[in-house]
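Undergrad: Just passing along the structure, written as structure tokens.
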Amino acid sequence: MTNRPALWCIAAAVSLASSPTAEAFAPAGRQETSLQSLRQVRRSVITAIRPTSQVRAKAGGFGGGGGFGSSSKPKKNKKRGRSGRGDLVSALSDDESKPKKPSRTFVKSEQEQMLNELAAKCATTAVGRAVARAPDVDDPFWQILPSLLSTKFPSASDEDLMRVAGMVEFSLGSRGLLEDDVIQDPWRPHEELHAYMPGLGETMPFLDPDQLDLCKQLSENYETIANEYEALLEERYDRKGNDRFQSVTSMNYDAGWKTMVLFYNGHRIKDFPYHLCPVTTRIMESVPIAGRIAGFNRQQPNSGIPLHSDGNNMWLTCQMGIKVPPVISDGSGSEAPAAHIRVGPETRHWELGKCLLYDTTYEHETFNAHPDEERVVLHIDFFNTLKMTKLEIEVLQYIYDMREQFMKAEGVQKVGAQVL
């Protein structure tokens, strides 16, 4: 954790933990090169680890939510970054064309000593020990994660983060953390789990939606949400003429399932017409949205999602029926709902304005057997508020955010890419 090749990773950790990242999560648009991004965060952190008074002398105070610097209100800075905020990266970015006030020069050895001390301290935390137990950590992201968390959540104790540390250790290959109730359940393909937090307790395929205010709010506002969906259909093409309904994974392409994405990796989409769906957006944002996509899912007639599991036990899924095909003949003279979902051994059907709440670590599949009518649901993946603490969820959201930003800086992030 303290070797010299990892120093730039720790530098990036402190800088990313200190700077706003709202613009980093739009699926389409800008992407800086890896080299440019890493140079920028390296410059930022070397200034960030100086004594606070000297940093303020250069930057005029921190305008973003940083973790370093004073809590007093900074003076207005006429020169701001691209986002319009006097954030850490904007305030400290080098511009050789402009004169700088003289400041103390930190020699390289002093910089490295500070970074080594930070790394050594973070290595003793629960998350740091989890990373150290991994046999071969060749991904720099996991090497910098203890520093990221210690910087962002300085008051979080080892006890607070014990289950988070278990998630990190599992992600680094410790399959022995899987609990017996997972391994022994024939409906939960545990070999497909790629993100797992131990200690969340027992679960079941379908859960009672009445446990969540989210489901209550969705059902009470069904008519408004359905009208907002129709308004979005009228504006389904963006300014470039692209259809907002997309098949965002290879499974979607073959399964007749397309999504109008309102949130990607838990964040809003740049240039999306949220003014057309204010109630839907407000209710969705009342929970900690997770997963790659959340929005309106359309299932074409005579098509369905093949059997699979999503491999993440920290998420739950809520779906509310927006358009449900009418019943059809079951071939024996009786009628049956045309669209169904099977989760584990249980099969259920969507109803207008009613929610299904389920755990996608169980194998599941869907089908719309109606010959002409499509099925539309509002789909929301969110962190498991029934089992996880508020702090755990905040930490996991932060880990996912930083993982995505790290992937973008490395030039490997793509729409639909698995963050964790």
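The values are calculated or read from the model by the stated rules, or taken from the named source; none is laboratory data. All of these numbers come straight from a predicted model, not from anything done at the bench. With ideal geometry, Cβ positions are generated from the backbone for all residues, glycine too; neighbour counts draw on all protein chains shown.
One line per residue, one yes/no per condition, for (1) over 30 Å from E394 (Cα atoms); (2) in a loop (DSSP other than H, G, I, E, B); (3) touching a residue at least 24 places away in the same chain (Cβ under 8 Å):
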residue	(1), (2), (3)
I283	no, no, yes
V287	no, yes, yes
P301	yes, yes, yes
Q319	no, no, yes
P325	yes, yes, yes
S332	yes, yes, no
R342	yes, no, yes
R348	yes, no, yes
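Undergrad: Do we have any residue at all in the stretch 372-390 that's of a type in the set (S, T, Y) and farther than 16 Å from W257 by Cα? Working first, answer last.
TA: If we filter the stretch 372-390 for residues that are of a type in the set (S, T, Y), which is where we start, we get 385, 389.
Checking the rest, the ones that are also farther than 16 Å from W257 by Cα come to 385, 389.
Looking for residues that are of a type in the set (S, T, Y) and farther than 16 Å from W257 by Cα, one finds at least one in the stretch 372-390, hence yes.
Undergrad: If a residue must be farther than 19 Å from E230 by Cα, touching a Phe, Trp or Tyr at 6+ places or on another chain (Cβ under 8 Å) and of a type in the set (S, T, N, Q), how many such residues does the stretch 262-308 contain?
TA: 2
Undergrad: Kindly evaluate D243 against the criterion of being buried (at least 19 other Cβ atoms within 10 Å of the Cβ), at pLDDT below 95 and either in contact with a strand residue (DSSP E or B) (Cβ under 9 Å, 6 or more places away or on another chain) or of a type in the set (G, A, S) (or both). Lay out the reasoning, then the answer.
TA: Details: buried (at least 19 other Cβ atoms within 10 Å of the Cβ): no; at pLDDT below 95: yes; either in contact with a strand residue (DSSP E or B) (Cβ under 9 Å, 6 or more places away or on another chain) or of a type in the set (G, A, S) (or both): yes.
Spelling it out, it is not the case that D243 is buried (at least 19 other Cβ atoms within 10 Å of the Cβ), at pLDDT below 95 and either in contact with a strand residue (DSSP E or B) (Cβ under 9 Å, 6 or more places away or on another chain) or of a type in the set (G, A, S) (or both).
Undergrad: Residue under question is E346, and the condition is that it be more than 28 Å from the chain's Cα centre (by Cα) and either modelled with pLDDT of 95 or more or buried (at least 21 other Cβ atoms within 10 Å of the Cβ) (or both); does it hold?
TA: On the way: more than 28 Å from the chain's Cα centre (by Cα): yes; either modelled with pLDDT of 95 or more or buried (at least 21 other Cβ atoms within 10 Å of the Cβ) (or both): yes.
Criteria met by E346.
Undergrad: Separate question: Please go through (1) surrounded by fewer than 21 Cβ atoms within 10 Å (Cβ to Cβ); (2) touching a Leu at 6+ places or on another chain (Cβ under 7 Å); (3) in a strand (DSSP E or B) for K387 and return the number of the only condition it doesn't satisfy.
TA: (3)
Undergrad: Moving on. Taking the stretch 263-277 as the region of interest, how many residues are at pLDDT 95 or above and either in contact with a Cys (Cβ under 7 Å, 6 or more places away or on another chain) or among the aliphatic types (A, V, I, L, M) (or both)?
TA: Residues meeting the conditions: 1.
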